[in-house]
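K.L.:
Here you go, one structure.
Derivation of every value follows stated rules applied to the coordinates shown; laboratory data play no part. Being a predicted model, the structure only gives us computed values, none of them experimental. Please note: Cβ atoms are built from the backbone with ideal geometry, for glycine as well, and neighbour counts cover all protein chains shown.
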Amino acid sequence: MPKFVTNPNLSEPDGFYADLLAAHEGLSKDESVAYNARLILLMANQIGDRDLLRELLRAARKKD
């Protein structure tokens, strides 16, 4: 099973977070949820590996 990166890997995590918040500005709750769904699907398409995506889904579900 593929392993995924768990250590910080973004060159500018605060900048990405600010961009993400800005992308949600002016959206209703329903629009924001739909935006997140589209973003997740686009990112999943970039990853492209279904086994890795399943592993990421399981990891995201954990509340450690």
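K.L.:
Of the residues ASN7, ASN45, ASN36, which single one is of a type in the set (S, T, N, Q) and either touching a strand residue (DSSP E or B) at 6+ places or on another chain (Cβ under 8 Å) or assigned to a loop (DSSP other than H, G, I, E, B) (or both)?
P.N.:
ASN7
K.L.:
If I ask for residues that are among the small types (Gly, Ala, Ser) and either touching a residue at least 40 places away in the same chain (Cβ under 8 Å) or in contact with a His (Cβ under 9 Å, 6 or more places away or on another chain) (or both), which ones from the range 31-49 would you list?
P.N.:
Result: SER32, single match.
K.L.:
Out of all the residues in the range 50-57, is one or more charged (D, E, K, R), in a helix (DSSP H, G or I) and touching a residue at least 24 places away in the same chain (Cβ under 8 Å)?
P.N.:
yes
K.L.:
Show the residue pairs meeting these rules: Cβ distance below 8 Å; 6+ apart or different chains; first residue within the range 1-30 and under 20 Å from LEU53 (Cβ atoms); second residue of a type in the set (Gly, Ala, Ser).
P.N.:
Qualifying pairs under 8 Å: PHE4/ALA59.
K.L.:
While we're looking at this one, here's another question. Looking only at the range 9-32, count how many residues are of a type outside the set (A, V, I, L, M, F, W, C) and over 21 Å from ALA44 (Cβ atoms). If you could, list the steps in order and put the result at the bottom.
P.N.:
Start the filter on the range 9-32 by keeping residues that are of a type outside the set (A, V, I, L, M, F, W, C), which leaves 9, 11-15, 17, 19, 24-26, 28-32.
After this cut, where a residue has to be over 21 Å from ALA44 (Cβ atoms) as well, the list is 11-12, 14-15, 25-26, 28-30.
Here the count works out to 9.
K.L.:
So, one more: Which of the residues spanning the range 10-30 are part of a helix (DSSP H, G or I) and surrounded by fewer than 10 Cβ atoms within 10 Å (Cβ to Cβ)?
P.N.:
ASP14, LEU21, ALA22, LYS29, ASP30
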